[in-house]
Structure formats: C-alpha cells, structure tokens
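None of the figures in this text is laboratory data; all of them are computed from the coordinates on show. Everything numeric in this text was worked out from a predicted model, so none of it was measured. Here the Cβ positions follow ideal geometry from the backbone for every residue, glycine too, while neighbour counts run over all protein chains shown.
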Amino acid sequence: MGNPNLLPYETIVRATSGEPETVNEVLRHYSKRIQIAAIENGHIDRDTQDIMIKKLAFTLSVLFIILTFIGAGYVLFNGGKVNAGYACIPMVFALISISVYRKYK
C-alpha cells in the first residue's frame, strides 16, 4: 500500500546491521541515478561512479549524525516527554550510510 519507489523498512533495518546483501540492495535501488550522474563522454565511468557513491555516503553519514544529535538534544530538552524517534530514526540512516561508505573505502 505504500510507495513502491521507496525501500521497505525491513531492508533499511537489515542494511544498518551491515548485511552485505541488503547494502547491495540499497545500492541497486539507487544505481540508475548514480550511473546517470557518472556519465563521461557518453560512457559510464566506473571510477567516477565509485567516488560519487563514497562521497554521497560520507555526506549522508555526517548529515544524519548531526540530525541524531539534534534529535537527542530535542528529546533531552523536553525531559524525555517527546518520542525518542527524533534521535533514533536519523541514527538508523547514519548507520546505513556509514556501512555503504566503509564498503567503498
């Protein structure tokens, strides 16, 4: 019933644990967009593609880590009366991004 263009939640959870199959599934999901961005002289440059994936994963990792700390601060500022998901959800995405970055390091 959800959006078919989005990754299933279970895939995201498994990818955060570092399962290579699910990390590859996440990369396959975004592979078309990455390949289009890596085109040079009409051909896909694999080195450029790998560098782009690595930079994207690093940038997303930093962004989601910052959002995790902001969410944790928000929860602490409100005395724990708000949902801890403000910190946990960005942390899940940060873990996915870090595992992708480590794969291409």
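Answer yes if at least one residue in segment 55-71 is hydrophobic (A, V, I, L, M, F, W, C), more than 21 Å from residue 12 (Cα to Cα) and free of Cβ contacts under 8 Å to residues at least 24 places away in the same chain, and no otherwise. Spell out the reasoning first.
Residues of segment 55-71 that are hydrophobic (A, V, I, L, M, F, W, C), as a first pass: 56-58, 60, 62-67, 69-70.
Going one step further and asking which of them are more than 21 Å from residue 12 (Cα to Cα), we end up with 70.
Those still in the list that are free of Cβ contacts under 8 Å to residues at least 24 places away in the same chain too: 70.
Scanning segment 55-71, I find at least one residue that is hydrophobic (A, V, I, L, M, F, W, C), more than 21 Å from residue 12 (Cα to Cα) and free of Cβ contacts under 8 Å to residues at least 24 places away in the same chain, so the answer is yes.
With the condition kept exactly as written, say whether any residue in segment 49-56 is among the polar types (S, T, N, Q) and farther than 18 Å from residue 102 by Cβ. Show your work before the answer.
Pass one, segment 49-56, residues among the polar types (S, T, N, Q): 49.
Right, trim to farther than 18 Å from residue 102 by Cβ and you get none.
Looking through segment 49-56, none of the residues is among the polar types (S, T, N, Q) and farther than 18 Å from residue 102 by Cβ.
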